[in-house]
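Engineer: Encoded as C-alpha cells, here's the structure I'll be asking about.
Bear in mind these aren't lab numbers, they're just calculated from the coordinates by the rules spelled out. Being a predicted model, the structure only gives us computed values, none of them experimental. Using ideal geometry, Cβ is built from the backbone for each residue, glycine included, and neighbour counts are taken over all protein chains shown.
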Amino acid sequence: MENNLLKVNDLIIEYHSDKKIVQAVNGVNLELNKGETLGLVGETGAGKTTIAKAILRILPDPPAKIKQGKIFFEGTDLLELSEKKMSHIKGNEISMIFQDPMTALNPIMSIGKQIAETIRLHEKISKARANIEAIKMLELVGIPGERFGEYPHQFSGGMKQRVVIAMALACKPKLLLADEPTTALDVTIQAQVLELMNKLKKELNTSVLLITHDLGIVAEMCDKVAVIYAGEVVESGSAIDIFDNTAHPYTKGLFDSLPKLDSMESRLKPIKGMMPDPTELPSGCKFYDRCPYAVEDCKSLGAEKKEMGSGHYVLCRRAGEVC
Amino acid sequence: MGNILEVRNLKKYFNTPKGQLHAVDGVSFAIEKGKTLGIVGESGCGKSTLGRTILHLLDSTDGQIFFEGKDITRVNKKELVKIREEMQIIFQDPFASLNPRMSVRQIIMEPLIIQGVMTKAEMEQETDQLMETVGLARRLSGAYPHELDGGRRQRIGIARALALNPKFILCDEPVSALDVSIQAQILNLMLDLQEERGLTYIFVTHDLSVVKYISDEIMVMYLGQMVEKAPADELFDNPLHPYTKALLSAIPLPDVHAKRKRILLEGEITSPINPKPGCRFAARCIYATQECAEPQHIVEISKNHYVSCHIAESH
C-alpha cells in the first residue's frame, strides 16, 4: 500500500512495578494514511499516551515493556530499528507535541534558539541559515519574527503551544503525534491553535495522530477515529461511522455523558461505575461491568470484533443488535 | 422567591510591582434562592477571584455583598464562622483540597467537629448519612485520598461542603479535572442535591456546555468585568456581546456535520493591570469603534438579559 504511513499491529504494552503488572495496552491495531488525521479517543488511563510514546520509542524501559506487536512506519518496523536509526526518525520523520507547553520548552533558552537548535540537529545547515528558518517557522504559526530572542516565560500559554508546534513541524515530519495539544488552553485560544494545525497539516501534508478526550475536537479535526477503552480499541472507523452510526456501548455512553448545547435535556446519562483497574483486568469483555446491554456470553466468551460496514470495526458481541 | 445573595459593584484589586491589578472590577448581580448562576470566562478573567471574594476567602476592595438581605461585606471573626456554615465551597482539584493524612471519614467529619454542637455519636451518624448522600460506599471510610480516583475524591469534597447543611455553595470548576463519564455522574449528583436541599449554586467554569447544562442564569466575564448576563437558553440562543459570540462559536461541537461560522479572535486577553477606561474587549473586537474607548454601561436589553456593549445595544 503506497498510501499507508503508519500501521500498528497487535501492540501489547505492560508496565512492571514492584509486584503488580499494569496491562496498559492490550492488542491495539491502528492504521493511518498519508495526509490523514486519526483521532485516538478515550478517558484517563485508557492507554492513549502509552501508544503514542511507543510509536516514538520514548517509553521508559523499565517500567514499560513492549510485550508484542509491530509498528510499521512506511513499511519499516520501528521496534526493530537500531537506536541510531530511530534517533534519525525522531524529529525528522515523526515528532510529538505534548499537552503542557510549559514543560516542553527550555526556560533558559530563547525560543528562537530552541527552534534553530532543533533544525540544526536534523539538517546540516549553518547557524545563520537555521535562524532564518526558525523565524520563518515562528511566522508560520503566527508569532512575529522579532520575538525570536524572547524566553518562554514572556509568552502566554497559547503562544507557547504555538512555539511547540513550530518546533515539532520545523523539520517537516511526515507524522505528528499530538497528545492533547489544546487541553491546557482556553476555548478561544484552542480555536486558534486547532485552526493553525489544520492549516499546517494541509500545507505540509503531515499525517496527525491526535490524542484527545474531547469529542468536539475529534469531530472538527479527524478523518478517522479509534476509541480506546482499557487498552483496547473498542471501535474504529471514519469519523462519520463513529458519530452517526455509533455501535459500541462505550462510545454511545461517552456521547450520552456530554452535555449538549443544542438540546434541552433534563439529565445526562452517565456510564455507571469506573474503568477497571489495569492491574486486575476482568476476564471477558472489559466493559462488561458498566455495560447496560451486557449478557452472560460477554463475560464468558469475551468481546468479539465485528465489521459493521467497510472499515468500521467494533469490539462487541452484541454490536448491531443494540445501540 | 427572594434573592439569597446580592453583590453590588464588587471590586477586588491586587497590588503588584507593576501597578494595580483589577481582578474583579465593579461586578453586580443577584441570585434567587435555589437557583444556579454559572460564571464563565477564560483564564485570568477573574471568575475564581469573584467567587472567593464573595466567600470572604479574599477581602474585597470595594462594593457590597448581601446574604439573605444582610450586609456581610465587612464581618468580624465570629460572624465569619457563622457565614461559613451557610456558604461553602467545592474546589477544582479534589486532590489538592483534601488533607492527604486524613481518612475519608475524618475529612467529612472535620467541619462537624469544628462546629462543635453534636455529640460524638451524632457526628458518626451524620458522617454515615453524608457518605451515603454523595454515593460513597461505607467500606471507603478508612481509605485515604490517594487511594481513590478523581470522581470519588470529588464526592468527598461535596460531602464535606454539605456537612454543615449550607444554603449556598460556590462550585469552582468542580468537574474540570474529571473524565466525561465521571463528570456526568458528578453533575447529576449536584443537581439531585440542589433539588433535595434547595441549594443555591454559583458554578464557576470555563466549560460552556457544562455551564449550559447546570445553570439557570449565566454571566460571562472578561477581564474582571461582567460583559453579559442572561437566562441560560437565552444566552446561547441570542448572544449579544461580541465576546460572548466569539466564545460560543469557539466551542468544538461533537457533531461531524456541524457547519458554522467561527469568529476567530485575534490576540489574547490583555493585561488587567491598570486598565484603561472603556471596553476591555475592544482591542480584540471586530466591531470596535471609537466610542468603545468610553466607559461602557450595563443595559437590560430584554427581560433579565444584560449586556455591556454600546454596539449590541443599538442593534
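Engineer: Under a cut-off of 17 Å between alpha-carbon atoms, report the aspartates and glutamates in cross-link reach of residue A:113, not counting same-chain residues fewer than 8 places apart.
Structural biologist: The qualifying aspartates and glutamates are A:123, A:133, A:139, A:146, A:150.
Engineer: What FRET efficiency do you get for residue B:293 and residue A:19 if R0 is 60 Å and r is their Cβ-Cβ distance, rounded to the nearest 0.05?
Structural biologist: Numbers: r = 67 Å, r/R0 = 1.12.
According to the calculation, E is roughly 0.35.
Engineer: Can you list the lysines whose alpha carbon sits under 19 Å from that of residue B:18, skipping same-chain ones fewer than 8 residues off?
Structural biologist: B:276
Engineer: A further question follows. By DSSP, what percent of the beta bridges with both residues in chain A are antiparallel, rounded to the nearest 5?
Structural biologist: Of the beta bridges lying entirely in chain A, close to 60 percent run antiparallel.
Engineer: With label points built 7 Å along Cα→Cβ from the Cα atoms of residue B:102 and residue B:283, find their separation and express it in nm.
Structural biologist: Going by the 7 Å Cα→Cβ label model, 4.2 nm.
Engineer: With θ set to phi - 60° and the Karplus curve 6.51 cos²θ - 1.76 cosθ + 1.60, what are the ³J(HN,Hα) couplings of the range A:227-241 in order, to the nearest whole Hz, using x for Gly and Pro?
Structural biologist: Calculated HN-Hα couplings, in order: 9, 10, 9, 6, x, 10, 7, 8, 8, 8, x, 6, 4, 5, 4 Hz.
Engineer: Whose amide H sits under 5 Å from the amide H of residue B:36, counting only residues 5 or more places off or on another chain, with H placed in the peptide plane?
Structural biologist: Result for residue B:36 returns B:201, B:216, B:217.
Engineer: Let me check I have the definition right: for the protein assembly as shown, take the eigenvalues of the Cα gyration tensor, multiply each by 5, take square roots. What are those semi-axes in whole Å, largest first? All intermediate terms of the calculation are to be shown ahead of the outcome.
Structural biologist: Numbers: eigenvalues 344, 227, 108 Å².
In descending order the semi-axes read 41, 34, 23 Å.
Engineer: Evaluate E = 1/(1 + (r/R0)^6) for residue A:277 and residue A:81, where r is the Cβ-Cβ distance and R0 equals 30 Å; express this FRET efficiency to the nearest 0.05.
Structural biologist: On the way: r = 34 Å, r/R0 = 1.13.
Approximately 0.30, to the nearest 0.05.
Engineer: What percent antiparallel are the DSSP beta bridges of the range B:116-237, to the nearest 5?
Structural biologist: On the way: 6 of 11 bridges.
Here the antiparallel bridges make up roughly 55 percent for the range B:116-237.
Engineer: Turning to a different aspect of this structure: Would you mind getting the Kirkwood hydrodynamic radius of the range B:126-175 from its Cα pairs, rounded to one decimal in Å?
Structural biologist: Numbers: mean 1/r = 0.0870 Å⁻¹.
Computed over the range B:126-175, the radius equals 11.5 Å.
Engineer: Across chain A, how large is the tail of the calculated P(r) beyond 26 Å, expressed as a percent of all Cα pairs?
Structural biologist: Working: 26089 of 52003 pairs.
The share of Cα pairs beyond 26 Å in chain A comes to 50 percent.
Engineer: Give the residue list of chymotrypsin sites (Phe, Trp or Tyr not before Pro) in the range B:236-315 that are DSSP loop and have at most 16 other beta-carbon atoms within 10 angstrom.
Structural biologist: On the way: sites: B:236, B:243, B:281, B:287, B:306; in loops: B:281, B:287.
Here the chymotrypsin sites (Phe, Trp or Tyr not before Pro) that fit, given the DSSP loop and packing criteria, are B:287.
Engineer: How many times 2.2 N^0.38 Å is the alpha carbon radius of gyration of chain B? Mind dumping the intermediate values first?
Structural biologist: On the way: Rg = 20.6 Å, N = 315, 2.2 N^0.38 = 19.6 Å.
Dividing the Cα radius of gyration by 2.2 N^0.38 Å gives 1.05.
Engineer: Let me ask you something else. By a straight-distance test (C-alpha under 17 Å), which aspartates and glutamates pair with residue B:261 as possible cross-link partners, with residues fewer than eight away in the same chain excluded?
Structural biologist: A:195, A:220, A:262, B:237
Engineer: To the nearest 20 debye, what is the magnitude of the charge dipole of the protein assembly as shown about its Cα centre, counting +1 on the Cβ of each Lys and Arg and -1 on the Cβ of each Asp and Glu? Each step should come with its number before you reach the end.
Structural biologist: Numbers: 76 positive and 83 negative charges, 283 e Å.
So the dipole magnitude of the protein assembly as shown works out to roughly 1360 debye.
Engineer: Which entries of A:20/A:90; B:35/B:70; A:34/A:202; A:272/B:35 have Cα-Cα distances beyond 23 Å here? Working shown, then result.
Structural biologist: Details: A:20/A:90 31 Å; B:35/B:70 19 Å; A:34/A:202 11 Å; A:272/B:35 27 Å.
Over 23 Å Cα-Cα: A:20/A:90; A:272/B:35.
Engineer: Can you compute the modelled spin-label distance between residue B:233 and residue B:9, with each label point 7 Å from Cα toward Cβ, in nm?
Structural biologist: If labels sit at residue B:233 and residue B:9, their model points lie 3.6 nm apart.
Engineer: What angle, in degrees between 0 and 90 and rounded to the nearest 10, separates the Cα long axis of helix B:180-197 from the longest principal axis of the Cα atoms of chain B?
Structural biologist: Value to nearest ten degrees: 80.
Engineer: Too long at a 31 Å Cα-Cα cut-off: which of A:136/B:245; A:53/B:259; B:11/B:167?
Structural biologist: Values: A:136/B:245 33 Å; A:53/B:259 34 Å; B:11/B:167 24 Å.
Checking Cα-Cα distances, A:136/B:245; A:53/B:259 exceed 31 Å.
Engineer: Whole percent per 5 Å bin, from 0 to the bin with the longest distance: what is P(r) over all C-alpha pairs of the range A:102-172?
Structural biologist: Calculated P(r), rounded to whole percents: 3, 20, 34, 27, 13, 3, 0.
Engineer: While we're looking at this one, here's another question. Tell me, what does the Kirkwood hydrodynamic radius of the range B:225-312 come to in angstroms if you use every pair of distinct C-alpha atoms? Working shown, then result.
Structural biologist: Values: mean 1/r = 0.0702 Å⁻¹.
In the range B:225-312 this quantity evaluates to 14.2 Å.
Engineer: Using a 10 angstrom Cβ neighbour count of at most 14 plus a DSSP loop assignment to flag exposed GluC sites (Glu not before Pro), which longest range of chain B is free of such sites?
Structural biologist: Working: sites that count: B:68, B:266.
In chain B, the maximal stretch lacking such sites is B:69-265.
Engineer: Turning to a different aspect of this structure: What does the helix-only formula give at 222 nm for the protein assembly as shown: each DSSP H stretch with n ≥ 4 adding -39500 (n - 2.57), the total divided by the residues, and the result rounded to the nearest 500 deg cm²/dmol?
Structural biologist: Numbers: 21 runs with 207 residues, N = 638.
When only DSSP H runs of four or more count, the value is -9500 deg cm²/dmol.
Engineer: Here's something else I'd like to know. Using only alpha carbon pairs under 8 Å that are at least six residues apart, calculate the relative contact order of the range A:102-172 and give it in whole percent. Walk me through the numbers before you get to the answer.
Structural biologist: Details: 81 pairs, mean separation 30.6, N = 71.
Computed over the range A:102-172, the figure is 43 percent.
Engineer: Okay, moving on. Would you mind getting me the FRET efficiency between residue A:9 and residue A:139? Use the beta-carbon distance for r and R0 = 51 Å, nearest 0.05. All intermediate terms of the calculation are to be shown ahead of the outcome.
Structural biologist: On the way: r = 40 Å, r/R0 = 0.79.
That gives a FRET efficiency of 0.80.
Engineer: Oh, and also: Quick one: if you take sqrt(5λ) for each eigenvalue of the C-alpha gyration tensor of the range B:13-141, what semi-axes come out, biggest first, whole angstrom?
Structural biologist: Working: eigenvalues 208, 68, 47 Å².
Whole-Å semi-axes of the equivalent ellipsoid: 32, 18, 15.
Engineer: Amide H of residue A:35: which non-local residues (sequence gap of 5 or more, or other chain) have their own amide H closer than 5 Å, using H built in the peptide plane?
Structural biologist: Hits under the 5 Å cutoff: A:207.
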